[in-house]
Amino acid sequence: MGFEFNNETFRNDFTFKNSERAIRRFPFPFDRDDYMYSVNMEPHVPGRPGSVFEHAFDVDEHYLAEMRDRDLVLKEDPLRCQSLPHMELAGWDLLELIMESKARDYPHWFALHKTGNRWTWINRPMEIEQTFTFLDPSTLPYGPMEYITRQTQGDFTLQDQRDDNLWIEAGMVTTQADWSLDFDIGMGFHEWHAPVPLAHEKGVFDRALKFLLKLQHGAPVRRFNWTHTVDPLLDTSPENYPKWGPTRTEMTMENLGQRMHLRVELQTLWRLPRSNAIAFPIRCYLIKYDELVTVPKWARRMHRVVRDIHPELAAYKGFLRNRDLMTAWLAQYDDGAPTSPGWWPED
Ligand code: HEM
């Protein structure tokens, strides 16, 4: 694949960084110079080779470090992974989806051998070989959702569908942008989205729910979400707010390039075949401002988006107090030249 897995941390000494390759393939989420909420969904079909869209579940240089970080979060707080009893079948659906996708897309790292319901899963980077009986939880060390999401980057939630609504009733959530699975579990689509400003009034959630209720198996969709995080901390959870909330007060013109990170979530939505549930993988990508501005188009555009964003969005996303400083820092990299449409780098 032309890269090695980084030995890096997302806490304490924060040694996380992106290689040149990872910067070039970063999923920059702005296809124009401004931003407002919309029902931004498109088919999750394979994209450009080398891009994060090439495969169903992207595996990148941060894989092993992210899995180590997840394990640490779960040791401190097991409630980051929960599954209500009726969601077990959806967990098996998810396990099957991920194992089949990774074995197909990354055959040098992953393999899945099936003899009837007796399956053997091989994960070479994590040095795992596991033989188990599909749909028999007693043959795995964890429940099916927990088992596979301990080996897959990104957070995951599973939504049951009933009464024309979606209910968040299982999840593995250790890399979240300030929301809590333990708080949200059992809620419906509009309830868990209640804190989001402006989008309800614009009908974004009504339309998104209507679309999702009709989502078909085999036709996944994707969308972006984004925010900012001080330091490359994956676990910005409400549970840990005292650890990361105060760091927002420490930003200066001198440290901003190193400490301010754009945090992008590549979210995909999958109808699952047996359970009829919807799987919602939320894959988080981090890039520090110093790395981001090495791509001139992204530097110009980031400046304009941050400068012009609606204050309620900046407040909800947690960077209102630093917005002026961020704008001043980014302005150094914006010569006012026009930017091309779309998010790909220009050069
Ligand atoms: C069923 C899958 C989904 C789940 C589980 C989910 C979950 C969430 C959660 C937990 C939040 C944070 C709310 C908070 O502040 O506590 C959120 C935010 C949001 N969601 Fe969803 N969501 C889903 C699908 C969608 C879809 C399809 C859209 C499309 C319009 C959407 C749009 C948004 C927006 C715009 C935000 C605000 C994000 C920000 O500005 O940082 N969500 N979602």
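The values are calculated or read from the model by the stated rules, or taken from the named source; none is laboratory data. All figures in this text were calculated on a predicted structure; none of them were measured in a lab. We place every Cβ from the backbone using ideal geometry, glycine too, and count neighbours over all the protein chains shown.
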Residue pairs, Cβ under 7 Å, 6 or more apart or interchain, first in the stretch 316-333 and closer than 16 Å to G245 by Cα, second in a loop (DSSP other than H, G, I, E, B). List them. Y316/V196; Y316/P197; G318/D178; N322/M251
List pairs: first residue in the stretch 162-184 and more than 7 Å from the ligand (Cβ to nearest atom), second residue at pLDDT below 95 anywhere in the structure, Cβ distance under 9 angstrom, at least six positions apart or on different chains. S180/E239; D182/E239
Residues V73, V45: which one is crowded, with 16+ Cβ neighbours inside 10 Å and modelled with pLDDT of 95 or more? V73
Please determine, by comparing only the residues of the stretch 73-92 that are assigned to a helix (DSSP H, G or I) and in contact with a Phe, Trp or Tyr (Cβ under 9 Å, 6 or more places away or on another chain), which one is nearest to F156 (Cα to Cα). G91
Just to check your reading of the model, which residue among R25, R21 is of a type in the set (D, E, K, R) and within 18 Å of the chain's Cα centre (by Cα)? R25
Test: T157 is touching a residue at least 60 places away in the same chain (Cβ under 8 Å), within 10 Å of the ligand (Cβ to nearest atom) and among the β-branched types (V, I, T): yes
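Residue by residue, here is whether (1) part of a loop (DSSP other than H, G, I, E, B); (2) out of contact with any helix residue (DSSP H, G or I) (no Cβ under 8 Å at 6 or more places or on another chain); (3) surrounded by fewer than 14 Cβ atoms within 10 Å (Cβ to Cβ) holds:
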site: F183; (1), (2), (3): no, no, yes
site: A194; (1), (2), (3): yes, yes, yes
site: L198; (1), (2), (3): yes, no, yes
site: E201; (1), (2), (3): yes, yes, yes
site: F211; (1), (2), (3): no, yes, yes
site: L215; (1), (2), (3): yes, yes, no
site: A219; (1), (2), (3): yes, yes, yes
site: R222; (1), (2), (3): no, yes, no
site: N225; (1), (2), (3): no, yes, no
Assess whether T268 counts as being within 13 Å of the ligand (Cβ to nearest atom) and among the polar types (S, T, N, Q). yes
Scanning the stretch 196-253 for residues that are without any contact (Cβ under 8 Å) to a residue 60 or more places away in the chain and among the acidic types (D, E), the one nearest to the ligand (Cβ to nearest atom) turns out to be D206
Only one residue in G336, G342 is loosely packed, with under 14 Cβ neighbours inside 10 Å and within 21 Å of R222 (Cα to Cα). Which one? G342
Taking the stated definitions as given, is D58 of a type in the set (D, E, K, R), under 16 Å from the mean Cα position of the chain (by Cα) and crowded, with 18+ Cβ neighbours inside 10 Å? yes
Hey, can you tell me all the residues within the stretch 132-154 that are free of Cβ contacts under 8 Å to residues at least 40 places away in the same chain and assigned to a loop (DSSP other than H, G, I, E, B)? D136, L140, P141, Y142
Just checking, which of E239, E254 is at pLDDT 95 or above and among the charged types (D, E, K, R)? E254
Here's a check for you: in the stretch 289-344, which residue that is of a type in the set (S, T, Y) and in a helix (DSSP H, G or I) is farthest from K17 (Cα to Cα)? Y316
